[in-house]
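Participant: Here it is, the structure in full.
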Amino acid sequence: MSRPPSPMDIAFDEAEAAASRGEVPVGAVVVDPATGTVLARAGNRTEELNDPTAHAEVLAIRAACAALGEPRLPGLDLYVTLEPCALCATAISFARLRRVYFGAYDPKGGGVEHGPRFYHQPTCHHAPEVYGGIDETRAGEMLREFFRARRTG
């Protein structure tokens with residue numbers, strides 16, 4: 001008997017779908033940890049939507065808020081394949097998510113463990129628990145392959 005996919009597996013599925021659309025392969029999933037229910041899932045769509053804010057995390061947060069009819073998501077968790085950027089870290093804070101689990105660290109564009117380290121700033125009103133490096137090798141390789149193909153294609 002096979003196990004159901006984990007939230008991170010679903011995030012990777014979304015990242016792969018994003019890559020197939022020519023988007024940077026990042027996927028995100030909002031989960032209710034009490035029930036294991038996936039409330040929303042998304043991959044990057046910045047190119048498709050001509051929207052610089054259409055990051056996987058933002059789209060998943062918007063979809064989860066719409067599904068629940070609430071502007072905030074306290075008690076819920078976000079799984080994402082790449083360390084959130086400053087924009088996404090801010091959206092996560094405003095949504096009041098409980099925890100963030102991410103795959104690859106992003107020394108250049110990350111906003112959680114790198115760059116502005118948003119949750120460590122005095123102006124941050126809500127800082128979720130953060131767990132990075134989950135399936136980091138898989139996440140990093142997916143991103144490296146995507147950009148390698150773009151450079152040689």
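Participant: Using 20 Å as the cut-off for backbone N distance, which residues of segment 1-36 belong to the label zone defined by a point 7 Å from the Cα of ARG151 along Cα→Cβ?
Facilitator: 19-20, 22-26
Participant: A follow-up question, please. Explain nothing, just compute: Karplus ³J(HN,Hα) = 6.51 cos²θ - 1.76 cosθ + 1.60, θ = phi - 60°, for every residue of segment 70-82 in order, whole Hz, x for Gly and Pro.
Facilitator: Along segment 70-82, the couplings run 9, x, 9, 10, x, x, 9, 10, 10, 10, 9, 7, 9 Hz.
Participant: Further, regarding this structure: Grab the DSSP H runs of the chain that are 4 residues or longer, score each as -39,500 (n - 2.57), total them, divide by all residues and round the 222 nm result to the nearest 500 deg cm²/dmol.
Facilitator: That comes out to -11500 deg cm²/dmol.
Participant: Still on this structure, please answer the following. For segment 30-90, what is the accessible area per residue in Å² when the probe is 1.4 Å?
Facilitator: In whole numbers, segment 30-90 has 45 Å² accessible per residue.
Participant: Can I ask one more? Springs between alpha-carbon pairs under 10 angstrom, Gaussian network model over the chain: which of ILE134, ILE92, ILE61 fluctuates most?
Facilitator: ILE134
Participant: Between ALA67 and GLU16, 0.36 nm times their residue separation minus their Cα-Cα distance comes to what?
Facilitator: Full extension of this stretch gives 16.0 nm more.
Participant: What percentage of the solvent-accessible surface of the chain, computed with a 1.4 Å probe over protein heavy atoms, is contributed by carbon and sulfur atoms?
Facilitator: Roughly 54 percent of what the probe reaches on the chain is carbon or sulfur.
Participant: Now, a different point. At q = 0.11, 0.19 Å⁻¹, what log₁₀ I(q)/I(0) does the chain have when each alpha carbon counts as one equal point scatterer in the Debye sum?
Facilitator: The Cα Debye sum returns log10 ratios of -0.38, -1.15.
Participant: Enumerate the residues in segment 2-42 having an amide nitrogen under 15 Å from the point lying 7 Å beyond the Cα of GLU141 toward its Cβ.
Facilitator: The answer is 12-13, 16, whose backbone nitrogens lie closer than 15 Å to the label point.
Participant: What ratio of Cα Rg to 2.2 N^0.38 Å holds for segment 1-78?
Facilitator: That works out to 1.11 for segment 1-78.
Participant: If DNA, RNA and ligands are ignored and the probe is 1.4 Å, what is the ranking of MET8, MET142 by accessible area, most exposed first?
Facilitator: I get MET142, MET8, largest accessible area first.
Participant: Go through PHE94, PHE147, PHE118 and list them by solvent-accessible area, largest first, probe radius 1.4 Å.
Facilitator: Numbers: PHE94 125, PHE147 85, PHE118 35 Å².
Order by accessible area, largest first: PHE94, PHE147, PHE118.
Participant: Here's something else I'd like to know. If I ignore ligands, DNA and RNA and count only protein heavy atoms, how much of SER2 is accessible to a 1.4 Å probe, in Å² to the nearest 10?
Facilitator: For SER2, solvent-accessible area is about 110 Å².
Participant: Further question: Based on the mean of other Cβ atoms within 10 Å per residue, sort peptides 103-109, 13-19 so the most packed one is first.
Facilitator: 13-19, 103-109
Participant: Using DSSP H assignments, which helices in the chain have an axial alpha-carbon span of 15 Å or above and a mean Kyte-Doolittle hydropathy of 0.0 or higher?
Facilitator: 7-20, 56-68
Participant: Taking 0.36 nm per residue of separation and subtracting the Cα-Cα distance, what length does fully extending ASP9 through ASP51 add?
Facilitator: Full extension of this stretch gives 12.5 nm more.
The values are calculated or read from the model by the stated rules, or taken from the named source; none is laboratory data. The shown structure was predicted, so the numbers you read here are calculated from the model rather than taken from an experiment. Methodologically, a virtual Cβ is constructed for each residue, glycine included, from the backbone with ideal geometry; neighbour enumeration extends over all protein chains shown. All accessible areas refer to the heavy atoms of the entire protein, side chains included, with ligands and DNA or RNA removed. Shrake-Rupley method; radii C 1.70, N 1.55, O 1.52, S 1.80 Å.
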